[in-house]
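J.: I have a structure here, written as structure tokens, and I will follow up with some questions on it.
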Amino acid sequence: MQRLVWELRYALRQLRGAPWFTITAVLTLALGVGATTAIFSAVYGLLLKSLPFEDAGRILSVLETHAQIAGGIEATYLDYQDWRAQQSSFTDMAAYSTLNPGMVSLVMDGRAVQVHRVLASGNFFSVLGVSALMGRTLGAQDDRAGSDAVAVISAEAWRRYFGGDPGVVGRSVDLNGASFAVVGVLPEGAAYPAEGEVWLPLSRLDTATRESRVWHSVKVLGRLRGGVDLKTARTDMQTVAARVAAANPATHRGIGVIVTPLREQLVGTLRPAMLSLLGAVVLVLAIACANVASLLMVRATAARREIAVREALGADRWRLLTQSLTQTTVLCLLGGALGVGLAWGALPLLRVALGHTAGLDASMIAAVELSWPVLLVTLGVCSATALVFSLLPLMRGGSRSDGIVEALRSGDRGSTAGGRWGRGGLIAGEIAIAVVVLFLGTLVMRSYTKLLAVDPGFRTDRLLSAEITLPEPRYSDDGPQTARFYEQLLEKLRQSPGVVNAGTTTQTPLEASQVVTRFRVEGAPPLALGAFPVAQFRYVSPGFFQTMGLRLREGRIFEQKDIEKPTNVMVVNEAFAKRYLAGRDALGATVVLGVLSASPDRFPVVGVVSDAHEVGVDAEAEPEFYIPGFGLHAVVLVRSAYDAESLAPVVQKAVRGLDANLAVYHVKTVDAVLSESLARQRMTAVLLGIFALVALLLAAIGIYGVLSYSVAQRTREIGVRMALGAGRGDILRLVMGQAGVFAALGLVVGLAGAFAGARLMGGLLFQTGVLDLASLAITVAVLASVALAAVSLPAGRAVSVNPTEALRSE
């Protein structure tokens with residue numbers, strides 16, 4: 001122990017004696033370790049950390065697929081029943097629904113709040129492996145109609161709405177005017193889906209939905225049997241789905257099944273972005289380590305004579321190693337500790353960015369934290385770095401007698417060709433890594449700027465969005481009370497100061513939805529059984545188009561008479577008209593809905609409006625049609641003459657003036673909705689841009705440091721050359737040529753790696769090819785400028801060498 005204390009004191013004394021070296025090395029490592037720790041914390045929390053469910057790795061999500069719809073969609077209730085009865089890969093399968101409606105009104109002490117409702121099968125929590133914190137969860141007995149007036153609440157809802165009352169179990173609560181008995185409270189963090197606040201039995205799905213092969217309303221989870229893997233489960237479910245499709249050709253043509261781990265559903269589309277960021281930040285760490293290695297090689301060369309003297313006097317080589325190891329360990333631990341501090345400070349900002357990312361389940365955000373596995377990886381990186389770096393002084397010193405003699409003879413004069421190539425290799429490596437990070441960052445940033453340039457098809461400025469769900473049974477879909485409520489609300493809003501226009505729709509603009517329906521165009525060639533096309537649709541009020549700023553191309557938009565005396569008319573967008581009404585007069589076309597029912601409905605097209613990127617600006621405008629009307633759930637859109645946010649209290653007041661027990665939720669500007677829809681791309685572009693700047697900075701410092709030292713070591717050589725007639729231009733070419741060789745080598749290797757990396761992250765790019773010439777030109781120009789700036793100072797010092805002084809110093 002005394003020996004260790006002595007070594008530590010000696011190391012600290014040595015580091016204090018070289019403050020600029022110590023500060024530079026510690027800060028360089030801190031940048032690399034801090035960035036890596038922050039991003040790895042996110043990757044570990046989102047992609048690696050165990051979910052808060054029993055044996056969560058065996059829980060799979062089972063969704064349906066449709067040939068005309070991207071991604072997975074909900075299954076029908078009857079499909080879920082068939083899957084559960086016919087599969088052989090799961091111990092059990094459970095279903096849940098956040099539809100019909102997803103929000104309900106909870107009346108507490110004379111006031112109403114909107115809470116997230118989930119309908120879940122009786123075995124839902126047993127499949128998840130979740131037990132109640134208090135009371136019980138849903139059970140098989142709750143799946144029977146007549147005994148399903150029970151509710152389970154989340155721990156957060158228990159605290160928020162019931163004040164953490166331990167007597168909440170057994171208490172009756174009013175949900176949408178109906179009484180439910182609270183039978184249990186879930187543990188902290190065990191809510192699934194994360195936004196859920198109250199869980200009711202799935203038997204409360206309306207009868208029409210439960211008996212339909214058309215209404216896709218439930219998501220399904222399954223727990224794998226022991227000894228069954230993901231591939232086997234996929235094969236099994238594909239067989240079952242094919243059997244269901246064969247038995248129901250009219251409704252299931254083109255419908256398949258997709259089976260994925262539950263984590264994939266929670267993370268959404270974020271996995272490729274996080275892995276790309278992790279790869280980029282590891283490269284930044286590599287540059288930081290290369291810089292520190294370069295500094296230590298310079299320090300080792302300077303100490304070469306000292307090490308040789310100590311070895312000649314009989315110093316033990318193991319003693320030299322432990323001293324070097326102690327110094328580098330102190331450096332790496334200081335850099336690592338400061339890096340962890342930087343990561344700790346950056347994580348709240350990263351969580352905020354992730355919280356606005358569409359598709360990421362809210363439950364995953366809390367998992368992004370500094371945890372023991374992350375800290376152990378950081379410690380491992382620092383330890384490995386210290387071990388490798390500690391060998392550098394001994395590698396630079398002689399290990400044999402002739403090496404000792406050479407070191408004693410040469411002292412600090414010059415540097416060997418091997419040393420120059422070693423340091424030059426570090427320059428080339430740093431440049432290669434910087435090229436990769438810079439090129440990928442430039443690609444993603446160019447992709448993001450192209451996304452920002454996309455016209456969403458409507459004006460997002462000064463537009464406020466708010467959601468309302470009318471409670472049953474006081475209101476009903478297509479009921480006169482529902483229409484009267486929204487008509488009065490819109491009239492009150494239009495008369496409010498600062499309001500330009502107001503309207504309603506069923507989906508928030510720019511938020512992805514799977515609200516589609518089958519249809520056929522009357523007079524079109526007959527289709528095969530079940531081959532009807534599908535299109536997005538929305539119920540809207542007459543003022544919707546003016547409020548959104550959608551332009552009328554031909555015909556007319558909806559009028560009040562279309563609400564008062566429904567005549568089954570529709571307005572379509574240009575994409576719908578081009579794809580399905582080409583070659584005919586759109587205004588004379590009739591679209592048939594409910595094509596699988598016994599009495600389909602005919603809707604004449606009365607107008608065509610401009611396209612809007614309703615499901616996101618990163619997707620092409622899809623064929624879409626609009627139908628006049630109101631439903632229990634509505635998105636209220638209000639166009640302001642001034643600031644959209646200022647209208648939030650106006651909407652709240654207008655709603656409560658009509659029904660005091662109604663709550664308004666998800667109140668936000670459409671500009672904010674647009675920003676959130678691009679959060680993943682923005683976060684990836686910003687972080688990659690930051691990493692690219694850090695990589696450039698570190699590479700510039702590395703180039704400058706290595707060349708400065710090289711010029712200092714070659715002062716005598718430069719003096720001799722100038723004494724023999726070499727001009728300043730010759731010396732400049734000598735120094736620049738040395739740097740240019742390694743820079744060119746690094747550029748070639750880096751571009752090869754950059755193109756390979758771009759192919760791996762091609763899915764993150766929007767209208768930007770992996771061999772984008774503009775990104776390539778920017779990368780080469782920026783890197784050349786940075787390298788030239790880093791080389792200029794050492795080169796200037798070289799050409800200013802006085803040959804007389806250089807030779808006299810020797």
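The values are calculated or read from the model by the stated rules, or taken from the named source; none is laboratory data. Quick caveat, the model's predicted, so the values are computed rather than measured. A quick note on method: Cβ atoms are made from the backbone with ideal geometry, for glycine too, and the neighbour counts reach across all protein chains shown. We work out accessible area using only protein heavy atoms, side chains counted, and drop any ligands, DNA or RNA first. Shrake-Rupley method; radii C 1.70, N 1.55, O 1.52, S 1.80 Å.
J.: List the number of the failed condition for R459; all other conditions in (1) open to solvent by 60 Å² or more (accessible area, probe 1.4 Å); (2) over 39 Å from the mean Cα position of the chain (by Cα); (3) not polar (S, T, N, Q) hold.
T.: Every listed condition holds for R459 apart from (2).
J.: Sort out for me the strands (runs of 3 or more DSSP E) sitting completely within the range 100-185 that have 3 or more residues that are over 30 Å from the mean Cα position of the chain (by Cα) and at pLDDT below 85.
T.: Fully inside the range 100-185 and qualifying: 103-108, 111-120.
J.: Follow-up question, since we're still on this one. Just to be sure before I move on: is S88 small (G, A, S), out of contact with any Cys (no Cβ under 7 Å at 6 or more places or on another chain) and modelled with pLDDT under 85 in the structure I sent?
T.: In short, no.
J.: Is there any pair with a first residue in the range 597-610 that is loosely packed, with under 14 Cβ neighbours inside 10 Å and a second that is of a type in the set (D, E, K, R) and assigned to a loop (DSSP other than H, G, I, E, B) whose Cβ atoms are under 9 Å apart and which are 6 or more apart or on different chains, and what are they?
T.: Going by the 9 Å Cβ cut-off, the qualifying pairs are R602/E522.
J.: Checking the conditions here, which among A790, A777, A756, A752 is among the hydrophobic types (A, V, I, L, M, F, W, C), open to solvent by less than 30 Å² (accessible area, probe 1.4 Å) and under 18 Å from I433 (Cα atoms)?
T.: Only one candidate qualifies: A790.
J.: Would you be able to say whether some residue in the range 297-312 is in contact with a Ser or Thr (Cβ under 7 Å, 6 or more places away or on another chain), among the small types (G, A, S) and at pLDDT 55 or above?
T.: For the range 297-312, residues in contact with a Ser or Thr (Cβ under 7 Å, 6 or more places away or on another chain), among the small types (G, A, S) and at pLDDT 55 or above: absent.
J.: For a quick check of your reading of the model, give me the residue pairs whose first member lies in the range 565-587 and is outside any helix (DSSP H, G or I), whose second is of a type in the set (D, E) and open to solvent by less than 20 Å² (accessible area, probe 1.4 Å), with beta-carbon atoms closer than 9 Å and at least 6 apart or on different chains.
T.: V569/D562; V572/E624; N573/E614; N573/E624
J.: So, one more: Pick from the range 285-296 the residues that are surrounded by 23 or more Cβ atoms within 10 Å (Cβ to Cβ) and touching a Phe, Trp or Tyr at 6+ places or on another chain (Cβ under 7 Å): which of them is modelled with the highest pLDDT?
T.: Ranking the candidates gives V292 first.
J.: Given the conditions (1) more than 40 Å from the chain's Cα centre (by Cα); (2) farther than 20 Å from N501 by Cβ, report the number of the one that D562 does not fulfil.
T.: Failing condition for D562: (2).
J.: Can I ask one more? Residue under question is E511, and the condition is that it be farther than 26 Å from P604 by Cα and either crowded, with 16+ Cβ neighbours inside 10 Å or at pLDDT 85 or above (or both); does it hold?
T.: Yes.
J.: If A362 satisfies every condition in (1) modelled with pLDDT under 85; (2) surrounded by 15 or more Cβ atoms within 10 Å (Cβ to Cβ) but one, which is the exception?
T.: So A362 meets the others, but not (2).
J.: Under 8 Å between Cβ atoms, at least 6 apart or on separate chains: pull out the pairs that start in the range 669-685 with a residue that is of a type in the set (D, E) and end on any residue that is in a strand (DSSP E or B).
T.: D671/L463
J.: Step by step: first the residues of the range 208-234, then only those that are closer than 30 Å to A190 by Cα and part of a helix (DSSP H, G or I), then the one that is most open to solvent (accessible area, probe 1.4 Å). Which residue is that?
T.: K231
J.: Tally up the residues in the range 548-564 that are surrounded by 13 or more Cβ atoms within 10 Å (Cβ to Cβ) and without any contact (Cβ under 8 Å) to a residue 40 or more places away in the chain, please.
T.: Of the residues in the range 548-564, 0 are surrounded by 13 or more Cβ atoms within 10 Å (Cβ to Cβ) and without any contact (Cβ under 8 Å) to a residue 40 or more places away in the chain.
Okay, residues lined up against (1) buried (at least 19 other Cβ atoms within 10 Å of the Cβ); (2) in contact with a Ser or Thr (Cβ under 9 Å, 6 or more places away or on another chain); (3) of a type in the set (F, W, Y):
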| residue | (1), (2), (3) |
| --- | --- |
| V615 | yes, yes, no |
| V635 | yes, yes, no |
| Y642 | no, no, yes |
| K653 | no, yes, no |
| V670 | yes, yes, no |
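J.: Still on this model: Can you find a residue in the range 475-490 that is closer than 25 Å to T98 by Cα, among the polar types (S, T, N, Q) and open to solvent by less than 70 Å² (accessible area, probe 1.4 Å)?
T.: yes
J.: Taking the range 64-119 on its own, how many of its residues are in contact with a Pro (Cβ under 7 Å, 6 or more places away or on another chain) and surrounded by fewer than 21 Cβ atoms within 10 Å (Cβ to Cβ)?
T.: Summing the residues that are in contact with a Pro (Cβ under 7 Å, 6 or more places away or on another chain) and surrounded by fewer than 21 Cβ atoms within 10 Å (Cβ to Cβ) in the range 64-119 gives 2.
J.: Here's something else I'd like to know. Name the pairs whose Cβ atoms lie under 8 Å apart, with the first residue in the range 109-135 and among the charged types (D, E, K, R), the second assigned to a loop (DSSP other than H, G, I, E, B) and open to solvent by less than 30 Å² (accessible area, probe 1.4 Å), and 6 or more positions between them or separate chains?
T.: R117/P101; R117/G102; R117/G196; R117/E197
J.: Going by the conditions given, is R317 among the basic types (K, R), modelled with pLDDT under 55 and surrounded by fewer than 18 Cβ atoms within 10 Å (Cβ to Cβ)?
T.: yes
J.: For residues that are in contact (Cβ under 8 Å) with a residue 12 or more places away in the chain and part of a helix (DSSP H, G or I), scanning just the range 655-668, find the one that is surrounded by the fewest Cβ atoms within 10 Å (Cβ to Cβ).
T.: Checked the range 655-668; the qualifying residue surrounded by the fewest Cβ atoms within 10 Å (Cβ to Cβ) is G657.
J.: Could you list, ordered by first residue, the pairs with Cβ atoms under 9 Å in which the first is in the range 760-784 and at positive phi and the second is hydroxyl-bearing (S, T, Y) and part of a helix (DSSP H, G or I), at least 6 apart or interchain?
T.: Close Cβ pairs satisfying both conditions: Q767/S447.
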